[in-house]
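I have placed the structure first, in the form of structure tokens, so that the comments after it can refer back to it.
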Amino acid sequence: MGEESSGAVAGAAVGPVTDAVVTDAAVTRSTGAGAVTDVAVTRSTGADAVTQPSGPGVEPVSEAELAAFHHVVGKLRALPVDDPVRLRAEQVAASFARDGRLRRRRTRGAETSAADAAAMAATATGALDRREDAPLADAGSGGVFRRPRTCYVCKSPYRQVDAFYHRLCPPCAADNTARRALSTDLSGRRVLLTGGRVKIGFQLALMMLRDGAEVLVTSRFPHDTVRRFRAAPGSGAWLDRLTVLAVDLRDPRQVLGLCEELRQEGEPLDILVNNAAQTVRRPPDSYALLASGEYDALPEGARRAPGFTPMRMLEGLGGSVSALPAALREADEAGLLPDPSPENSWSARLGALDPAEVLETQLVNALAPALLCDRLLPLLLASPHPRRYVVNVTAVEGRFAVRNKQPGHPHTNMAKAALNMLTRTSAAELAEQGVHMCAVDTGWITDENPAPKKARMADAGFRTPLDIVDGAARVYDPIVRGEAGDPVSGVFLKDYREAEW
């Protein structure tokens, strides 16, 4: 589908033997640096030179051999059209022509793929050295795909490549770029955000802190959470408005205890963001690095929920991450050590689910949000501000309006579906009381496949279409819209637009 030209194949000219010709026009393709010529076979009439193909293992054809070939073609042409020898020769010639067409097609395809890969690698989201779950900076330039791609957002075909987004058409890229800078005045507002240590939650917390809000974030790793926020640019301007709540959402007793404490304190709440999720259950070894830093007294700005205890050091590691194999000592952006297992939660299907994981997924993804909404509703209603918000961070995996539902991770799907139903059921009633509840899909940011498959896909050039700032902006959007006078309630938002449940 590229703009490169293909060679035109002409048959042998009719005439005497001395005029027999095999012509193949020069096959050229534009690669950005200039035209590349694969093969150029020019007319030979005895005295003319023959341009030879080049490359390893290619045996040259002499002038004498080519002249002999022309002579034989002339004799074959003189035979009756139904002569058996001529028919056999035509079959050989047809096979030879097909071989040439196939080779040229493969070469053009390979060059097109290489050119498109280079255009993709020049973007921020498609860069070869992209580190997953890290916020991305602008790339230097865009480009043009030779093969049209389908936009991740609007599904329209496009070829012009944005400098930042490799999977978005120009209009959607411009729209998403602008929305990364969403902002509104949250001065005097109080926010509870679950799962605010890393990734989307961390970026969303930064957005709201910079917009003036007081933000309470939950995490199982309060020391690491405080460290990350302290290291964020400009933290001196808002760090005193941040509180880190140490709580394990897998334990309903801790969730209820935290809610009771907040209710007893009596401070109104303006925004509740149920962002925390367990998508892939990591093995205990993955937490070795994080767990090793969670035993000191809580730092300033952090507090524990009733019943919270830090994760214990893992047995068999001798109290040191150095006990792990060298290949497993490099943590990802979330501080987790890699899991080399060929299967994980994302690839699990019915019949191979871990009971503990099924339970944990429901506790974190569905039960904890329901308890928080229920127990903290009085604090939301007590806010003096006319508009309050509950944003339930969900995923397309929890939707029913999908034609081709895949069989993987049913336990995650059912948890997100439950969160969607909480939103669908309660939003209308809450809206009458000035509390606007909606569900938001963050977009495709992380490849959750098992490590071996994930590595193969990355080597083949796969990169997710969005980054964590895009995800945070999607979650922030209904709040910003509400503060601009356009609150949304009882809807499922995907890519900033309402979608079917």
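A quick yes/no check of all residues on (1) more than 30 Å from the chain's Cα centre (by Cα); (2) of a type in the set (D, E, K, R); (3) surrounded by 15 or more Cβ atoms within 10 Å (Cβ to Cβ):
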{"residue": "GLY236", "(1), (2), (3)": "yes, no, no"}
{"residue": "VAL247", "(1), (2), (3)": "no, no, yes"}
{"residue": "ASP251", "(1), (2), (3)": "yes, yes, yes"}
{"residue": "VAL255", "(1), (2), (3)": "yes, no, yes"}
{"residue": "GLU265", "(1), (2), (3)": "yes, yes, no"}
{"residue": "ASP270", "(1), (2), (3)": "yes, yes, yes"}
{"residue": "ASN274", "(1), (2), (3)": "no, no, yes"}
Selection status of SER347, surrounded by fewer than 21 Cβ atoms within 10 Å (Cβ to Cβ), assigned by TED's automatic domain parsing to the domain that holds LEU256, among the hydroxyl-bearing types (Ser, Thr, Tyr) and at pLDDT below 95: yes
Which listed residue is at pLDDT 95 or above and in contact with a Cys (Cβ under 8 Å, 6 or more places away or on another chain), from VAL390, VAL358: VAL390
Candidates VAL440, VAL488, filtered to the one that is under 21 Å from VAL280 (Cβ atoms), touching a helix residue (DSSP H, G or I) at 6+ places or on another chain (Cβ under 7 Å), modelled with pLDDT of 95 or more and not hydroxyl-bearing (Ser, Thr, Tyr): VAL440
Among residues of the stretch 79-119, those that are polar (S, T, N, Q) and either at positive phi or loosely packed, with under 13 Cβ neighbours inside 10 Å (or both), counted: 2
Selection status of ARG230, surrounded by fewer than 20 Cβ atoms within 10 Å (Cβ to Cβ), touching a Leu at 6+ places or on another chain (Cβ under 6 Å) and not aromatic (Phe, Trp, Tyr): no
Qualifying residue in the stretch 444-458 (condition: assigned to a strand (DSSP E or B), surrounded by fewer than 19 Cβ atoms within 10 Å (Cβ to Cβ) and at pLDDT 95 or above): no
Members of the stretch 207-228 found to be under 22 Å from ARG180 (Cα atoms) and in contact (Cβ under 8 Å) with a residue 40 or more places away in the chain, listed by number: MET207, MET208, ALA213
Sole residue being among the acidic types (Asp, Glu) and more than 25 Å from ARG180 (Cα to Cα), chosen from GLU500, GLU483, GLU429: GLU429
Residues that are in a loop (DSSP other than H, G, I, E, B) and either outside the structural domain of LEU204 (by TED's automatic domain parsing) or under 17 Å from VAL475 (Cα atoms) (or both), drawn from the stretch 383-398: ARG387, ALA395
Some residue of the stretch 155-171 being in a loop (DSSP other than H, G, I, E, B), crowded, with 22+ Cβ neighbours inside 10 Å and basic (Lys, Arg): yes
Scan of the stretch 203-221 for residues that are closer than 22 Å to ASP477 by Cα and either modelled with pLDDT under 95 or in contact with a strand residue (DSSP E or B) (Cβ under 8 Å, 6 or more places away or on another chain) (or both), ordered by number: LEU204, ALA205, MET208, LEU209, ALA213, GLU214, VAL215, LEU216, VAL217, THR218
Some residue of the stretch 456-464 being closer than 23 Å to PHE400 by Cα and of a type outside the set (Ser, Thr, Tyr): no
Criterion (buried (at least 16 other Cβ atoms within 10 Å of the Cβ), modelled with pLDDT under 95 and outside any loop (DSSP other than H, G, I, E, B)) met by exactly one of ASP285, ASP224: ASP285
Among residues of the stretch 130-164, those that are out of contact with any Cys (no Cβ under 7 Å at 6 or more places or on another chain), over 19 Å from SER113 (Cα atoms) and in contact (Cβ under 8 Å) with a residue 24 or more places away in the chain, counted: 11
Given (1) touching a residue at least 60 places away in the same chain (Cβ under 8 Å); (2) under 28 Å from the mean Cα position of the chain (by Cα); (3) in a helix (DSSP H, G or I), number of the condition CYS259 does not satisfy: (2)
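The values are calculated or read from the model by the stated rules, or taken from the named source; none is laboratory data. In this text the structure is predicted, and so the values were computed from the model without any measurement. All Cβ positions, even for glycine, are placed from backbone atoms using ideal geometry, and neighbour counts span all protein chains on display.
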